[in-house]
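Peer 1: One structure, pasted below without further comment.
The values are calculated or read from the model by the stated rules, or taken from the named source; none is laboratory data. Owing to the predicted nature of the structure, the values given are computational and were not obtained by experimental measurement. Backbone-built Cβ (ideal geometry, glycine too); neighbour counts: all protein chains shown. Remember, those area values only see protein heavy atoms, side chains included, never the ligands or the DNA or RNA. Shrake-Rupley method; radii C 1.70, N 1.55, O 1.52, S 1.80 Å.
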Amino acid sequence: MDKGYVSAALIRPVIENSGIRSFDQLSEQDADIQRVVKQLKDNDCRISIEEADALISKLIRQSGNEALCVHPPHKFNTQSSCQLQNLFLCSNTLREALYYMEKFAPLLSDLLEVNVTRTREGTIKVKLPVGDSSYMSDQRHRSELMLSVLLNWMRQLCGNRLNLLGINLPFPATQYQQTQSQLWNTKLNYNSGECAILLNGNALDEGLHHTNPHILNMMKREVEEQYRKLARSGSLADRIRKALLQEKVRLNANQQEVAAYFHISARTLNRHLHREDTSLKQIVTQVRLEMAKKMLTDSEDPIEQIALNIGLSGRRTLDRIFIKEMNMSPAQYRQRYRQKLAMIH
């Protein structure tokens, strides 16, 4: 079972899509989920992944609709909106909206990481995470849930100007693939190895509207404050590690830069890391080690070059880190990996 949480902003549309008209109606039908339902009345609350998966499974069984997490496009509902959604829909361009989504995605789920990239052909990919068991029903439904919410927000923001090219899905075609294609209204590419929304890059900077900058800044401050509280309540070390691996924060960033990214002071950053029995230096070292191990196994790059790629002064420094943490040198690590690979083949 995955650990983590999801926001009510992801779960509430599923309840609405199930045909249940009120939270009270849902709780009356199943006493076991009354506590979860009570929490979901707060648009910005979060519930555990385990509770969310159980609720979704019950809703699917109750409705008899396996495609329940594939939402049809719907109008903006202020009663079910969250602060991040408000900020997203007030963005003046799709690029700006996706920037906010990349930065504040953990407000929707700590398992949600949004990465926006551009292919050589100019296609924009809005990529979502893929789990090790993406073909399992719980993870598949969660992916559909996140894709549906993001697609709906984008359609609400862009209207007919949204130039959707397709969606790449990491799991096999479903029994409800026709319904899925109709509701999302685009081409679906199953077993693609990634979870991504494909867009025409020309529409990224097209002006959509002109939000009063004072209103936009006010919404941004509210979201930042919510994100700051989240960073303080969760494992800050894990969030820093993810930001470093995703290159959202430089490996050579100082404490002030890292703290600024999470909208906290350097003093607060150090205090929380101390409580988690670690430090920024230790986190950076572990991330460098993780990146170096991947480069050693996935490439033929010289070890000196790998050391430079991860921001170290040279091979001697990487050797020292490896011997201390792994009790072997980078060269020995690469050699052992190749020996194991040869034995398998």
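Peer 1: For the structure I just gave you, tell me whether SER148 is under 23 Å from SER57 (Cβ atoms), in contact with a strand residue (DSSP E or B) (Cβ under 6 Å, 6 or more places away or on another chain) and at pLDDT 90 or above.
Peer 2: In short, no.
Peer 1: Select from the stretch 270-287 the residues that are in a helix (DSSP H, G or I), among the charged types (D, E, K, R) and modelled with pLDDT under 90 and list them in ascending order.
Peer 2: ARG271, ARG275
Peer 1: Then there's this: Any idea which of (1) touching a helix residue (DSSP H, G or I) at 6+ places or on another chain (Cβ under 8 Å); (2) farther than 19 Å from CYS195 by Cβ is the one ARG120 doesn't satisfy?
Peer 2: The number of the failed condition is (1).
Peer 1: Select from the stretch 82-121 the residues that are in contact with a strand residue (DSSP E or B) (Cβ under 6 Å, 6 or more places away or on another chain) and free of Cβ contacts under 8 Å to residues at least 12 places away in the same chain and list them in ascending order.
Peer 2: Within the stretch 82-121, just THR117 meets the criteria.
Peer 1: Hey, could you check the stretch 200-221 for residues that are assigned to a loop (DSSP other than H, G, I, E, B) and among the aliphatic types (A, V, I, L, M) and say which is farthest from ARG140 (Cα to Cα)?
Peer 2: So the residue we want is LEU208.
Peer 1: While we're on this one: Residues that are open to solvent by less than 20 Å² (accessible area, probe 1.4 Å) and in a helix (DSSP H, G or I): does the stretch 159-176 have at least one?
Peer 2: No, the conditions are met nowhere in the stretch 159-176.
Peer 1: From (1) touching a residue at least 24 places away in the same chain (Cβ under 8 Å); (2) among the aliphatic types (A, V, I, L, M); (3) under 15 Å from CYS82 (Cβ atoms); (4) part of a helix (DSSP H, G or I), pick out the condition that doesn't hold for MET154.
Peer 2: The number of the failed condition is (3).
Peer 1: Could you list, in sequence order, all residues of the stretch 69-110 that are more than 22 Å from the chain's Cα centre (by Cα) and modelled with pLDDT under 90?
Peer 2: Passing the criteria: HIS74, LYS75, PHE76, ASN77, THR78, GLN79.
Peer 1: Which residue out of ILE240, ILE264, ILE197 is touching a residue at least 12 places away in the same chain (Cβ under 8 Å), in a loop (DSSP other than H, G, I, E, B) and either under 26 Å from ALA292 (Cα atoms) or not aromatic (Phe, Trp, Tyr) (or both)?
Peer 2: ILE264
Peer 1: Also, I was wondering about something else. May I ask you to say which residue of GLU304, GLU224, GLU247, GLU290 is touching a His at 6+ places or on another chain (Cβ under 7 Å) and either part of a helix (DSSP H, G or I) or open to solvent by 50 Å² or more (accessible area, probe 1.4 Å) (or both)?
Peer 2: When all the criteria are applied, what remains is GLU224.
Peer 1: Now for a separate question. Report yes if ALA97 is buried (at least 19 other Cβ atoms within 10 Å of the Cβ) and over 21 Å from ILE60 (Cα atoms), otherwise no.
Peer 2: yes
Peer 1: Next up: Here are some conditions: (1) surrounded by fewer than 16 Cβ atoms within 10 Å (Cβ to Cβ); (2) closer than 22 Å to VAL116 by Cβ. TYR261 meets all but one. Which one does it not meet?
Peer 2: (1)
Peer 1: Search the stretch 173-186 for residues that are closer than 18 Å to ILE60 by Cβ and pair each with any residue that is acidic (Asp, Glu) when their beta-carbon atoms are under 6 Å apart and the residues are at least 6 apart or on different chains.
Peer 2: Within 6 Å, the pairs are TYR176/GLU66.
Peer 1: Continuing with the same structure: Can you name the residue in the stretch 27-68 that is open to solvent by less than 10 Å² (accessible area, probe 1.4 Å) and more than 25 Å from GLN83 (Cα to Cα) and is also modelled with the highest pLDDT among such residues?
Peer 2: ALA67
Peer 1: I'd like to know if the stretch 311-324 contains one or more residues that are within 19 Å of ASN252 (Cβ to Cβ), of a type outside the set (A, V, I, L, M, F, W, C) and surrounded by 16 or more Cβ atoms within 10 Å (Cβ to Cβ).
Peer 2: yes
Peer 1: Next up: Can you name the number of the only condition in (1) assigned to a helix (DSSP H, G or I); (2) among the polar types (S, T, N, Q); (3) within 26 Å of GLY193 (Cβ to Cβ) that GLN85 fails?
Peer 2: The single condition GLN85 does not satisfy is (3).
Peer 1: Would you be able to tell me the number of residues in the stretch 120-143 that are in a loop (DSSP other than H, G, I, E, B) and either at pLDDT below 85 or open to solvent by 40 Å² or more (accessible area, probe 1.4 Å) (or both)?
Peer 2: Here the count works out to 10.
Peer 1: Answer with yes or no whether ARG228 is more than 30 Å from LYS340 (Cβ to Cβ) and free of Cβ contacts under 8 Å to residues at least 60 places away in the same chain.
Peer 2: So ARG228 passes the test.
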